[in-house]
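Student: Quick one: the structure is below, questions incoming.
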Amino acid sequence: MRVEVDGAPVEVPEGATLLEAVRAAGARVPTLCFDERLAPFGACRVCLVGVEGQDKPVASCTTPCRDGMRIDTRDPAARRVAGAVVELVLSELPEPPAAHTELAAVARELGVGELRWTGRVHEKRHDMRHPYLALQNELCISCGRCVRICDEVQGAFALTATGRGFEANIAAGIDAGFRDSTCVSCGACADTCPTDAITELSLLALAGTTTEEAQA
Amino acid sequence: MSRNLTALVARHSSLGEPTAVELLAQAVRERGAVVADDVRDVAARTGLPEATVHGIATFYDDLREPRGALDVRVCTGTACFAATGGRHVAELSDGLGLALGERSEDGSVSLGETVCLGFCHCSPAVRVGDVVDAGPQAVARVLSREPRQAAEPQAQSLLAEPVLTRAGDWSGLRRVLAELTPDQLVEEVAQAGVLGRGGAAFPAAVKWRLTRQAPAAERFVVCNGDEGDAGSYIDKQLMEHSPELLLEGMALAAYAIGARHGVVLVRSEYPRSRPALEEAAERARERGLLGPDALGDGIPFDVIVVDGAGSYVVGEETALLACLQGLRGVVSSRPPYPAQSGVRGLPTLVHNVETLCNIPFIAARGAQAYRELSPGATPGSKLVCFNERFARPGVFEIPFGTSVRELCEDVAGGLRDGARLKAVQIGGPLGGILPASLLDTPFDLEPLAAVGCMVGHGSLVGFDEETGMRDLARHLLGFGAQESCGKCFPCRVGLTRAHEMVQGDAAVDRARLEELLEALELGSLCAHGGGMPAPIRSLIAHFPDELGLA
Amino acid sequence: MSTERFDSTITTTCGYCGVGCRLDAHAVAGRIASISPALDGPANRGHACVKGRFAHQFSRSRERLTAPLVREGGSFRIATWEEALDRVASGLRRIRDEHGPDAIAGLASSRATNEDCWVMQRLMRAAIGTNNIDNCSRVCHSPTSYALRRSFGMSGATGSFDDIDAAGAAIIIGANPTQAHPVVGARIKQAALRGLRLVTIDPRRIELADHAVVHLSARAGTNAAVMLGLAHVVARDGLLDRDFMDARTEGWDRVEELLEAYEPSEVERITGVPAGDLELAAHVYGEASTASIFWGLGVTEHRYGSEVVQLLANLALMTGNVGRPGSALLPLRGQNNVQGSSDIGALPDTYSGYRAVGDEATARAFEERWGVPLSREKGMTIPQMFDAAIAGDLRAMFIMGEDVAQTDPDSAHVARAMESLELLVCQDIFENETTRFADVILPASAFLEKEGTFINAERRIQHVQPAISPPGGARTDFDIITTLSRMLGHEMGLDTPADAMADIAALTPEFAGVTFERLGRRGLQWPVSPDGVDSPILFEHEFALPGGRGHFAALPYKPSNEEPDEELPLILVTGRRLEHYNAGTMTRRTRNLDLMPTDWLEIHPDDAAAAGIADGELVEVRSRVGRIEIEARLTERIEPGHVFTAFHFPEIRTNLLVGAEMDINTSCPQYKVVAVAVSPLGRPVAAAAPAVLAEA
């Protein structure tokens, strides 16, 4: 199939998504819930693009290409909404994400500055009992990557999404932490997390937060 | 929806066994709450991982809050809001000495909210156990521990010959089995131009063709009985008063697409729907209309009923499919469409109750007769329902194209006690709000869309002059935020932020609100986040001052 | 993972099991800060396990050897490299001069790189003049190597891990991939969730059994009967691929005759596997359009281990399930370089590419390139070395990266052998059970500290690169051995591991096209032709045997001679657990110890009840050769009549129990069938040793 990305033609295989076409064309759209190891999820809506002939932007990660499609990564409405979504996500965290995180990088890329909407934030809640994995619930943005990688790659099913709406978050096992779950300590969740809601304890130390502080 | 979890469900339990959601609800009924041992037990019984079951238990209203021996659920739907402005909630809370979501220390009483009980014709409604009391004295009766079951409205048809407000007689199925091939039935439905009645108005025949064509050994017909739209009690009416009609519609759909199993997901807020359906199914089985030879010799079809557990978004078809497999009722992006991959990953036709109830008429009388029901408008007829503010609230079958004024003033008799209609919200919480000045708009898809409204589920919730529009915005956005499934970011955070913006009396920055509504509208994954801006935009357009915009 | 936080990030290959995960090692201030899986790793595809990802702190453990140690009286003292190497070189020279080169033996390591192993075998062959070189694949997959060469003509997996995704059905026998090969275990589990029809065969109900169509709990030691039973049903029920058999195999007649005896009911009698389950399993495998077989040490570490591998090959040949995508035979290799250490010829009987040391043309080619005369005599295998040491025929051993005193069977016998040596040189990263007997201990490098290549279980040669430097005065193995060779008068002329690979490529047809540059990020699967084209699937058109035909092996089931009896009524099976790795030298020096602080004995509740053992109780396990004490835990996931434990903890010394029984063809020890008695000790389990990390 042949599609156009920002005016440039690109060949994509049958079944390719718009995001794959965008990347094949060397263009860029930011993503937050996407991980190439996982089935597309379509939750973050940061990868929105414009498609000629469609009145609304579409999520590029979950939309399949059709032959002749013309994709616009710079569609103003799509970029506006993506920026607004990242602002919203930043507004739910009690503190800005660490500079090295994917979320911080996407915020930089979209030029997100002051937040237009603020309000309640997630409550601080930590589990640091695992020798390698740190869980910081307040940093969770419910992208589902940890839950999905534990399901779709490791198959340990140790993690779950919890709650719904603004309270949506994640838990290991029956909310008992990694140690008391079916976790096999593969670390895939920490690897994919875009915010350090799950990260390596040793990297927290590297970021300046000592384990003791984190545990306190 | 996780493909692996779906595979585990399919591997470990056969259709008709209780789902994880139902087992957890059972635990709540028996012990008042889900504890870790229940999670382990349900995991062991369903083959689902423990963490997954924990996630399910934290998703649904029915599973999240502790229940007392006496469990009081107060309806906070839009009709009840229109009736009292929310006073009934405060009265119950004060009377019981419990906040919403609380259980008394001794475990004897609990109070929670529920949206909505489908007694919008006599709001406010309160549920105690399986008794739903409703009306101005309901709160007092509940507080004195003497609730009594409220009366159900009688549906009426404005049509010469009712299509939907009738008991099913299975004549459509009989004729089809004798005269039509499955393909011919699909064509008949296509000719009839049936549009989905759940809100999206998607052509039914397109779904039928896709499902029929999807290669698979097995296919399913799923009936969406999760009529969560506050103010609507149409599907409730159909499930409880015309269950045979629904079953016949499902059997016809099954015949057309080649399904052997039908599943109805019934919301738990309607305690009488499941028994009504199951009794009707049993009667049909006795007559051989369901069962091993339902669709011809050796061609079986049967229907099972699965309970929901309190979640508005489960009315969305992918979330519905997740719920009826016992999983978290979270929306999935499409593709894959249910027609390709639904129940157990197999092709599945999903329709709401009313849509399926249209099919028997077409089967018995043909497409042409169906199209003639609403000349010059959307084919078929429509059920609408009115809230308690109207003089003659109830469910009515109407032709499409009737003006909203006729509906409100002639059919429903205008507001009771001579009150003036300030505005009417049509089609549920995602529907736009029509100010009194636009009542001449015809009740049909396109004319309503042109004024920022929709047919939706067909409910008309009228507000009188007592209703403050800022309060209404707060009510709607509060509902929206609470019911967000939490998957897509705009809806998950945005609805909470929008709700926060209309809290208190401070001026609302109009530009910021509209920017937020745009993000919700264009960014959301499903119609929940995408639809919540519609009524708010109506309020911005028609009641900017009351909203406190600056 | 974003890398901006780190000083450096290097992509290398995991040094734990044989899956060969590609890892990004991130370093800060000369230490590993974190390891994350490389997204483009062909075997791991962006995934890793608790070992590869987290168990790296051992690299900076305070217990690392950072200076050479030489024995002085009853203890060790620190020495300079010059002194230590002098002592080694002069000792070896003296023994060679006095007792001949065959009085010296070397052990390469399946954990070391190909280049390390290459210079080690060259040291023994060219500098010393003996073929007494072996490596620890002897004690794990040597039966696989032997059998695959007999059946197909090459010693390696016939396909790739990607065949997991293309297979319609698979048999997993004698392996517990989700514990021992976690990343492949996860891939198999995902495939099973997607519809791969699995048959699992093991005396333990392994995790993957929960995802299988059928699990066969065969009594330990009866694998051959199970395979013959499966073959019987496949043949009886018309599931043979006659076209394939006619065109590409030979020897079927004798097998067909043999199979008659293995009716399912008879196999049930031998193995305990219900006949119906056996028939179902045969149909799952035989009816699939593509079917693969995965096996581990539960197949090989038996008296007839190599024969069972040949029976696995029979089944594949009967159904045409070899040489096609989705139809692979894939041995799950225990260590990172089990495949490579043998491929490059760290074996007493073969040069690289499994060419016999007695083969004149091969020997000449090596002599010509290396410029020294080479022995045509087979050297000693590891067990033979121990016997020879005790007999006084072997006087010096140079052991690189192995702890034979802990991991080899009959630990008491091994200790006697070590004590008997005049000169024992250990080259390692930690002191261990074996170094206690050493005369010189040379501090070497871990996989994170050196360059080279590993070959994973799918024959994939992958680049290993240093992420950090060796600690203190430790040196790379490559450096130590090439220096020693020089001191012994054989200048190898190899300055870097890349030079060693050039040496290998020049002398080994299967490696002809291999260079570090060509390996790139995804590696190459041997054989690699001179132009660099590799081979994900072997035997697509013909087998590597004379005539190009695969060989059926007519091998009957023979009972193990380690049958349980009244005195020793249970069978001990040993294996690996997720959190730890082999002797535990690495993982016990990481916080993995916190996840699993000690080992335990798995016992079925029925057997526990019969012996009066309660869950969590301390028990004695007694075999014909030894006894240990260990905590018992009751589980229904093991067949009655069996007990299981791992061998990661030196304080438990599981291998004291394992006798001298070994595979009849390859001397691979029979770790998997040991008759034991288990009895309660009536003493409480001592509190687990505190999980203290000795980090520098």
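Just so you know, all these numbers are worked out from the coordinates, no wet-lab data involved. All values derive from a computational prediction rather than experimental measurement. Neighbour counts are summed over all protein chains in view; Cβ atoms, including those assigned to glycine, are modelled from backbone coordinates with ideal geometry.
Student: Once the Cα atoms of chain C are picked out, what are the Rg and Dmax in Å?
Tutor: 24.1, 71
Student: A follow-up question, please. At a 10 angstrom cut-off on C-beta neighbours, averaged per residue, how do the peptides B:412-421, C:612-621 rank from highest to lowest? Please report the intermediate quantities before stating the final value.
Tutor: Values: B:412-421: 15.6, C:612-621: 17.4.
The peptides rank, most packed first, as C:612-621, B:412-421.
Student: Run the quick spin-label model on A:R66 and C:R242: label points 7 Å from Cα toward the beta carbon, then report their separation in nm to one decimal.
Tutor: With each label point 7 Å from Cα toward Cβ, the separation is 5.2 nm.
Student: Suppose the chain between B:R31 and B:D505 were pulled fully straight at 0.36 nm per residue; how much longer would it get relative to their current alpha carbon spacing? All intermediate terms of the calculation are to be shown ahead of the outcome.
Tutor: Details: separation 474, 0.36 × 474 = 170.64 nm, distance 4.22 nm.
That works out to 166.4 nm of additional length.
Student: Which order results if C:E631, C:E377 are arranged by neighbouring Cβ count within 10 Å, fewest first?
Tutor: C:E377, C:E631
Student: Right, here's the next one. I need the calculated FRET efficiency for the pair B:R512 and C:D253, taking r as the beta carbon distance and R₀ as 56 Å, to the nearest 0.05.
Tutor: Once the sixth-power term is evaluated, E becomes 0.10.
Student: Give the calculated FRET efficiency between C:A67 and C:D499 to the nearest 0.05, with a Förster radius of 35 Å applied to their Cβ-Cβ distance.
Tutor: 0.80
Student: Further question on the same structure: For B:D130 and B:Q191, compute 0.36 nm times the residue count separating them, minus their Cα-Cα distance, and round to one decimal in nm. Show your work: numbers first, answer last.
Tutor: Working: separation 61, 0.36 × 61 = 21.96 nm, distance 4.24 nm.
That works out to 17.7 nm of additional length.
Student: For region C:19-33, just list the computed ³J(HN,Hα) in residue order, Karplus coefficients 6.51, -1.76 and 1.60, θ = phi - 60°, integers in Hz, with x standing in for Gly and Pro.
Tutor: Result, ordered by residue: 5, x, 5, 8, 10, 9, 9, 9, 10, 9, 6, x, 10, 6, 8 Hz.
Student: In sequence order, what are the phi-derived ³J(HN,Hα) couplings for region A:162-171 according to the Karplus relation 6.51 cos²θ - 1.76 cosθ + 1.60 with θ = phi - 60°, rounded to whole Hz, with x for glycine and proline?
Tutor: 10, x, 7, x, 4, 7, 4, 7, 9, 9
Student: Just how large is the dipole of the protein assembly as shown about the Cα centre, in debye to the nearest 20, putting +1 at every Lys and Arg Cβ and -1 at every Asp and Glu Cβ?
Tutor: With Lys and Arg at +1 and Asp and Glu at -1, about 1120 debye.
Student: In addition: Does the protein assembly as shown classify as rounded, prolate or oblate by the C-alpha gyration tensor (a ≥ b ≥ c root eigenvalues; a/c under 1.5 gives rounded; else a/b over b/c gives prolate, otherwise oblate)?
Tutor: Cα axes put the protein assembly as shown in the prolate bin.
Student: Here's another thing I want to ask about it. Simple spin-label model, 7 Å along Cα-to-Cβ: B:L143 to A:V121 in nm?
Tutor: 4.1 nm
Student: While we're here: Students often check this: by mean Cβ neighbours within 10 Å, which of A:51-64, B:231-244, B:372-385 ranks highest, and how do the rest follow?
Tutor: B:231-244, B:372-385, A:51-64
Student: With label points built 7 Å along Cα→Cβ from the Cα atoms of C:R269 and B:E372, find their separation and express it in nm.
Tutor: It is 8.1 nm.
Student: Sort by residue number and name the cysteines in chain C that have no neighbouring cysteine Cβ under 4.7 Å.
Tutor: C:C17, C:C49, C:C117, C:C136, C:C140, C:C426, C:C668
Student: To continue, here is another question. When chain A is treated as a GNM, springs tying every alpha-carbon pair under 10 Å, which of A:C33, A:C186, A:C150 comes out with the largest mean-square fluctuation?
Tutor: Comparing A:C33, A:C186, A:C150 in a Gaussian network model of chain A, the most mobile one is A:C186.
Student: Right, another one. Which of the peptides C:470-479, C:231-240 is most tightly packed, and how do the rest follow, judged by the mean count of other Cβ atoms within 10 Å per residue?
Tutor: Highest to lowest by the protection proxy: C:470-479, C:231-240.
Student: Across the residues of A:178-187, average count of Cβ atoms on other protein chains within 10 Å?
Tutor: The shielding value for this peptide is 6.
Student: Just subtract the alpha-carbon distance of C:E620 and C:A686 from 0.36 nm times their residue separation and send over the number in nm, one decimal.
Tutor: Length gained, C:E620 through C:A686: 22.4 nm.
Student: Given H placed 1.01 Å from N in the peptide plane, which residues other than close sequence neighbours of A:R70 have an amide H under 5 Å from its amide H?
Tutor: Result for A:R70 returns A:E4, A:E52.
Student: A further question on this structure: Summarise the partner chain shielding of C:437-446 as one whole number: the mean count of Cβ atoms from other chains within 10 Å of each residue's Cβ.
Tutor: Working: counts 0, 0, 0, 0, 0, 0, 0, 0, 0, 0.
Neighbouring Cβ atoms belonging to other protein chains average 0 per residue here.
Student: Now for a different question. In the structure displayed, which of B:K207/B:K382; B:K207/B:K487; A:K56/B:K487; C:K189/C:K558; B:K236/B:K382; C:K558/C:K672 lie more than 22 Å apart, Cα to Cα?
Tutor: From the list (B:K207/B:K382; B:K207/B:K487; A:K56/B:K487; C:K189/C:K558; B:K236/B:K382; C:K558/C:K672), the Cα-Cα distance tops 22 Å for B:K207/B:K487; C:K189/C:K558.
Student: Ignore the peptide's own chain and count Cβ atoms of other chains within 10 Å of each Cβ in A:74-85; give me the average, rounded.
Tutor: The mean count of partner-chain Cβ atoms within 10 Å per residue comes to 4.
Student: Which of the three applies to region A:1-121, rounded, prolate or oblate, going by the alpha-carbon gyration tensor with a ≥ b ≥ c and a/c under 1.5 meaning rounded? Before the final figure, lay out the partial values.
Tutor: Working: a/c = 2.36, a/b = 1.92, b/c = 1.23.
In terms of gyration-tensor shape, prolate.
Student: If R₀ is 45 angstrom, what is the calculated FRET efficiency for the pair B:R3 and C:R376, using the beta carbon separation as r and rounding to 0.05? Walk me through the numbers before you get to the answer.
Tutor: Values: r = 59 Å, r/R0 = 1.31.
With R0 = 45 Å, the Cβ-Cβ based efficiency is 0.15.
Student: Oh, and also: Name the residue from B:S110, B:G95, B:A82 whose Cα lies farthest towards the positive end of the charge dipole of region B:49-207, charges +1 on Cβ of Lys and Arg and -1 on Cβ of Asp and Glu.
Tutor: Result: B:A82, furthest along the dipole toward the positive end.
Student: For a quick check: with amide H placed at 1.01 Å from N, whose amide H comes under 5 Å from B:K382's, ignoring anything fewer than 5 positions away on the same chain?
Tutor: B:I398, B:F400
Student: Also, I was wondering about something else. Can you compute the charge dipole magnitude of region B:81-148 about its Cα centre, using +1 on each Lys and Arg Cβ and -1 on each Asp and Glu Cβ, nothing else charged? Give it in debye, rounded to the nearest 20.
Tutor: It works out to roughly 240 debye.
Student: Considering amide H positions built from the backbone, and no H for Pro or chain starts, which residues 5 or more places from C:T290, or on another chain, come under 5 Å of its amide H?
Tutor: C:G168, C:A169
Student: Additional query: Given axes a ≥ b ≥ c from the Cα gyration tensor, I'd like to know whether region C:142-331 is rounded (a/c under 1.5), prolate (a/b larger than b/c) or oblate.
Tutor: Numbers: a/c = 1.29, a/b = 1.13, b/c = 1.14.
It comes out rounded by the Cα gyration axes.
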